[in-house]
Each structure stands twice: as C-alpha cells, then as structure tokens.
1. Pairs only if they're at least six apart or on different chains, beta carbon under 7 angstrom, first in region 152-163 and under 14 Å from Val218 (Cβ atoms), second among the β-branched types (Val, Ile, Thr) and outside any loop (DSSP other than H, G, I, E, B); list them, first residue then second.
2. Test Arg43 against the criterion of being charged (D, E, K, R), in a strand (DSSP E or B) and surrounded by 24 or more Cβ atoms within 10 Å (Cβ to Cβ), and give yes or no.
3. Please give the strands (runs of 3 or more DSSP E) falling wholly within region 308-386 in which 3 or more residues are at pLDDT 95 or above and not hydrophobic (A, V, I, L, M, F, W, C).
4. Tell me, which residue of region 1-39 that is part of a helix (DSSP H, G or I) and basic (Lys, Arg) is nearest to the chain's Cα centre (by Cα)?
5. Just to verify a result, which residue in region 102-136, among those that are over 18 Å from Tyr70 (Cβ atoms) and charged (D, E, K, R), is surrounded by the most Cβ atoms within 10 Å (Cβ to Cβ)?
6. Yes or no: region 100-122 includes at least one residue that is of a type in the set (Asp, Glu), modelled with pLDDT of 95 or more, in the same structural domain as Val203 (by TED's automatic domain parsing) and not in a helix (DSSP H, G or I).
7. Among the listed residues Gly182, Gly237, identify the single one that is touching a residue at least 24 places away in the same chain (Cβ under 8 Å), assigned to a strand (DSSP E or B) and either within 17 Å of Leu42 (Cα to Cα) or in contact with a strand residue (DSSP E or B) (Cβ under 7 Å, 6 or more places away or on another chain) (or both).
8. Within the set of pairs 6+ apart or on separate chains, which have a first residue in region 199-221 that is at pLDDT 95 or above, a second that is surrounded by 15 or more Cβ atoms within 10 Å (Cβ to Cβ) and in a helix (DSSP H, G or I), and C-beta atoms under 7 Å apart?
Amino acid sequence: MTDGDHLLRATRDLPAPLALIDRQALDGNLADLARRAAGVPLRVATKSVRVRSIIDQAAAHRAFGGLMTYSLAESVWLADLGHDDILLAYPSVHAAALHDLVAEPHRRAAITLMVDSADSLDAIDAVLGPAHPAIQVCLDVDASLRLGPVHLGVRRSPVHTVRQARRVAEEIASRPGFTLTGLMFYDAQIAGLPDSSPAIRLVKKRSADELADRRGAVVAAVRKIADLRLVNGGGTGSLEVTGADPAITEMTAGSGLFCPTLFDHYDAFEARPAAFFALDVVRRPARGIATCFAGGYIASGPAGTSRVPQPVYPEGLSLIGTEGTGEVQTPVTGRAAHKLRPGDRVLFRHAKAGEMCERFDAIHLVDETGQVDTQPTYRGEGKNFG
C-alpha cells in the first residue's frame, strides 16, 4: 500500500486540491503490465492517463508500441508531437479534426480512424468530399456476450457476426479514400468487470471462450479481404486472457498505470494504487466529522457508489451517505476523523484513471526520496478533448 504520509509530506507546501502520483507505484505498474502482456505488444490508452509525460514514458517502454487515443483532435495533436502509430478508439465526425487529418501526410500515416459501418464512411465523406486522400481505418467489432435477449458488455459496434464483419469490410474495400488496416475487439465485460463473485467469474469465462472462437473466425474472414496490420483487443483487466488468443496482434492498457478503485478486485493481478488527489480539511462541523474542501469528482458510467472517490488516508475514513463527495465540500467520518483539524489533508482515490486529470492542471509525481516532479495534464496544456 502506498505510504500516504510520504506523499502528503512531500507536497505539503503545494496548494490543494492537488493530484498526486506515487512514482514508485507507477513504475511498478508499468513493469507489471509488461509482464502480464507476455510479449504481446501494448498500446497506451491515452484516455486513462491524460498526462503527456506519462504517456511518453509508457510508449517508450519496450513492451509498448503506439497509442490508443479517444479523440481525433487529440490524435492530430499527438501526431504533430511525433507519435507515429495512433489508433483512434472511437468513430469521429469532428469536421475540423477530419480536415486537419487529411491536410498533412504525416498525420494520415500515423493515425488510424475507427469505423463500424457504411454510415461511418458516409459521415466522413460528407465532411471531406468523396475525393479525399486515403485514410487508414480500423473496423470495430462488437465483443460483447449475447445470450438471447441479454447483452453483456458495452454498446459499441453494430458488427457482431462474421457475416456482418465481412460485409462491412467489403464495403470499405470498395470505397475510394479508405484503407482497412485493422480490427478491434474491446471486451469490456471481461476487461472492465472485477472478479467480485463466482457468478461473474463464470460469465467472464464463458464470454472469453465465445469471443475467442468468434474473433478468430472474424479475423480469418476479413484477412481474405484486407491486409490487416493490427488486430487489437483486451484491456488492463483481461491481458492474460486476450493475449492468449493467437488471432490478437496487440492489446491496450492504460488504467493499470494508475490503478483506480474500479480495478481493486481482479483475480489476475493485485492493484497497486498510484494516483491520488489531496483535499484540505477546512472545518469540523460535529464530533467525528471533518469536512474537506471540494472533491466531487464523480466518474463516468452508471451512477452509483462505485463511481464515487474514496478517502484512503488517513486510514479509517469513510464518506457520509447523505452527502458523498461535493463540488465545494466533502465531509468524512470514521475513527481517523477525530484527529483531523483544519489544515490537515486527506488523500482520496478516484474511481477511474484519466478522468481525475480533467480536474487538475498539473499532476505531482513523488518519488521514494520525496522529490516532486510537477507535470501538466492535458488540461494544463490547454487541451480539452471531451
């Protein structure tokens, strides 16, 4: 467990709220992701980091090769900064960014767009016109598990079956201005679902088996139509399972660098928390309650307690159910709250990884000696891609 006192001592002279990274934990997580990938190349999921210096550190590691971005404007920015292998994880109809993409050969060479239908191609053509320069595209294939009317996984691509994938691949191959170079299968119901019960473990196993069979068949069918450069899959929570599939050429990881609370209960690895934020205690409204300034940094996804930040240091704190974390104040209670006074600080962990960085202009990396290296987040560089 991270030494919270060490982090707070090192940053005591910095104004709060502030974002912190335990450098030793971050480096350990990077090494652990490389170990778990077992030789399958990894992409850095930029959405789960949003700090360029940390993205660059991971991308330079021998186990990583390329980036997976979440915004086309972000992709263009990173290509201009020298990154030359960028897979955009989501379709884009951002007109200005599409024009920026085709304006420079190095951007077109570096960036692969995500598509999932003929509609995706039509939307791009509507912005750029039918005679635009060739754009590399990757076909997003739905990796969810379907059990009759039950859908387990995220709602992404309409392409699920071999027949559907073949049809869209043929459409891409027949359209001027598009080159199909990859397939992506994001298994959110495996990678993003903690092993919290025997039932969930069983569903994840069944989903992994079904997906391995279907993915292999889809890849074989599409390779007859296009020269695929990449077949991407997996995430921090599924590296061992996805990496065992010979149809996969690469995987993606990002949240595993920070290990937010949503990654606390996986059987395949032990989370090593690396990212925190610190809030100042500003008052004591009642015995056993201390109130911090700010803190309402709720994660995206289904609303519920799993998306709420959690106080982790001093140990023995919890949120008050009737208030939770608030925009301007967050009360905490528990045995440790009795000792907190105005001016003390409390460490929290966010539920998700990179989303924390949308709240801060800078992040402070603390090494084992207490040295602090302050780096700008995307927001600190004036970039907002949400």
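1. Short answer, once both residue conditions are applied: Val159/Val168; Val162/Val218.
2. Numbers: charged (D, E, K, R): yes; in a strand (DSSP E or B): yes; surrounded by 24 or more Cβ atoms within 10 Å (Cβ to Cβ): yes.
Yes; evaluated as a whole, the condition is true for this residue.
3. Working: elements: 310-313, 329-333, 345-349, 362-366, 372-376.
By residue number, 310-313, 329-333, 372-376.
4. Filtering region 1-39 for residues part of a helix (DSSP H, G or I) gives 4-10, 23-37.
Checking which are basic (Lys, Arg) leaves us with 9, 23, 35-36.
Values: Arg9: 29, Arg23: 19, Arg35: 19, Arg36: 17 Å.
For region 1-39, the residue satisfying everything is Arg36.
5. So, considering only residues that are over 18 Å from Tyr70 (Cβ atoms) and charged (D, E, K, R), the one surrounded by the most Cβ atoms within 10 Å (Cβ to Cβ) is Arg108.
6. Taking region 100-122 and keeping what is of a type in the set (Asp, Glu), we get 100, 104, 116, 119, 122.
Narrowing the set further to residues that are modelled with pLDDT of 95 or more leaves 100, 104, 116, 119, 122.
Now restrict to residues that are in the same structural domain as Val203 (by TED's automatic domain parsing): 100, 104, 116, 119, 122.
Okay, now just the ones that are also not in a helix (DSSP H, G or I), so 104, 116.
Within region 100-122, one or more residues are of a type in the set (Asp, Glu), modelled with pLDDT of 95 or more, in the same structural domain as Val203 (by TED's automatic domain parsing) and not in a helix (DSSP H, G or I).
7. Numbers: Gly237 fails: assigned to a strand (DSSP E or B).
Among Gly182, Gly237, only Gly182 is touching a residue at least 24 places away in the same chain (Cβ under 8 Å), assigned to a strand (DSSP E or B) and either within 17 Å of Leu42 (Cα to Cα) or in contact with a strand residue (DSSP E or B) (Cβ under 7 Å, 6 or more places away or on another chain) (or both).
8. Sorted first by the residue in region 199-221, then by its partner, the pairs are Ala217/Val162; Val218/Val162; Val218/Ala165; Ala221/Val162; Ala221/Ala165; Ala221/Arg166.
The values are calculated or read from the model by the stated rules, or taken from the named source; none is laboratory data. Please read these numbers as outputs of a predicted model, since none were measured by experiment. Positions of Cβ are generated from backbone atoms using ideal geometry, with glycine treated the same way; all protein chains shown enter the neighbour counts.
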